[in-house]
Amino acid sequence: MKKLFPSLMSCIISAVVAQAAWADETFEKHQPAMDARTAADEQVVEILLAPLGAEGQEGESRGLIPMVTRLVQNTLSRVPAVKLTPPGKLPELDKRFVDFSALASMERLALIDLKNQTGLDGVIFVSWRWEEASFELALGLVDLRNGRVHLSRKFSEPFGAVLLSHIEEAIEGFAISIRRSIRVTIQVTSEPEGCEVFVNDQPVGKTPQTVELRTGTYRLRVEHEGYRPHLSTHDLSDGDRLELHAVLQNPLAARFLNAPPGLRVDSRELSAGYRYVFVNSDEPAWRHGHSLLLDGTLRINDWQAGLRFGFSAFESHQRLDTFLGQNEGDFVLQHNLIQLMALCLYPVWEKYSFAHLKLGAAAGLAWSSAKSAARSTDKWTGAADLFAQAEVRLLRSGNFGIDLLLSLGFSYLGELPYLEKTFSLFGEGEERVRNRHMFGPTGSAALQFKWYNDIF
């Protein structure tokens, strides 16, 4: 059994070495050529592979040396901007990087000073002990650039693919951490997704996107067809990580936000409520007006402009003298009143974000009708409102809010048509068309639903 173990290990080593050589050849064959200017400007992380230490059965232990060297080379070749210096390449430095324990016990500033003397950013130590029935591998990783021991670990598991994958993961993570400490990371997400990302006017892909760059000042542009692009400039230093979430305005908002300076659309409002008007009319007999109001407005700079729609339906009664007696007759009319007006409001007090006082005016057209059992009439006329409005916030969540609106003012409902009728002792009189201007003090209450234009 003891004789079988070395033979089996020799087979494994041969297979792993062949696989590593094939991987290295494949990587070099498919590695894209780097632009000469980019390569010259790139800041490279230089990592030294310290002389490998092998103890135990001499034949098998020595056979691992080229395999471990190739393993480290292949692992670091997968990390951009990282260069491996193999043992023996700098013989005058080898003696300073033989003992991991001596290096790991140094102070942080001493390690950084060693980096300044040698130009190395990190050191990888690999050593192993191979007995007849056991295998133990020690891995040490020292970050000279940042002055710290990245990893010191011993592996006692059987030699094989699992052990090699653990070593690869540790070495790759070590190289990436050093590289990121001398580079900057930019992570870009967006709403909507799939936006084009440009760094210093050069395309780098679509969101979500992460790029690593050298220290410097970068102009970021995130754009999508039909949307207003997001532009920003950032000064980034070694190790910085920028997480940018770009929210692009949608096409409707872009029409307003890309308008000439001076025009700014801040929000949209839609309100629905009830209005009361004290009319106190004798002919037709109509005292109290009740109507439904719908307002839709845009907040443009300091002004709020939009449309107002009002609707009211009511009855009027005319008492008539008949042969049965005085005021024994009742002439009933059904009325409809529809208003469509332009609306404008201006804030006179906005001390708090949750309470406002505004002056408002509306002017436009009104259509009114009157209908009896036998006849009907209608008319188009002008209408207008003048009022003061108090606005109190009830709810605000993100870009959406609900406000309570209370208004007092004066309303001109227009020239209302109606029918007048008389009776005589010998028969029913004719229905004659009359008109009367309707106006009076008014009050209203409404709920306003507001969408702010952070995201229009």
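What follows is calculated from the coordinates using simple rules that are stated; it is not laboratory data. Owing to the predicted nature of the structure, the values given are computational and were not obtained by experimental measurement. FYI the Cβ positions are ideal-geometry reconstructions off the backbone, even for glycines, and counts take in every protein chain you see.
Descriptive notes on the structure:
- Counted by neighbouring Cβ atoms within 10 Å, the residues VAL222, VAL265 run from fewest to most as VAL265, VAL222.
- Interchain or long-range residues, amide H under 5 Å from LEU248's placed H: GLU191
- Residues whose amide H comes within less than 5 Å of that of CYS195, counting only those at least five positions distant or on another chain, are THR207 (H built at 1.01 Å from N in the peptide plane).
- Per residue Cα convex hull volume in Å³ - calculated over region 171-320: 181
- Cα gyration tensor shape of region 110-240, rounded if a/c is under 1.5, else prolate or oblate by comparing a/b with b/c: oblate
- Kirkwood-type radius of region 265-455, with distances r between different C-alpha atoms, in Å: 18.4
- Inter-centroid distance (Cα atoms) of region 326-397 relative to region 266-306, Å: 4
- Global geometry of region 62-186, whether rounded, prolate or oblate, following the gyration tensor of its Cα atoms and the 1.5 cut on a/c: prolate
- In terms of other Cβ atoms within 10 Å, LEU163, LEU220, LEU231 run from fewest to most in the order LEU231, LEU163, LEU220.
- Here's how it looks for ILE182: its modeled amide H is under 5 Å from those of GLY239, which are all 5 or more places away or on a different chain.
- Neighbour counts of other Cβ atoms within 10 Å put GLU431, GLU391, GLU172 in the fewest-to-most order GLU172, GLU431, GLU391.
- Over region 184-248, relative contact order from alpha-carbon pairs under 8 Å, at least 6 apart, %: 42
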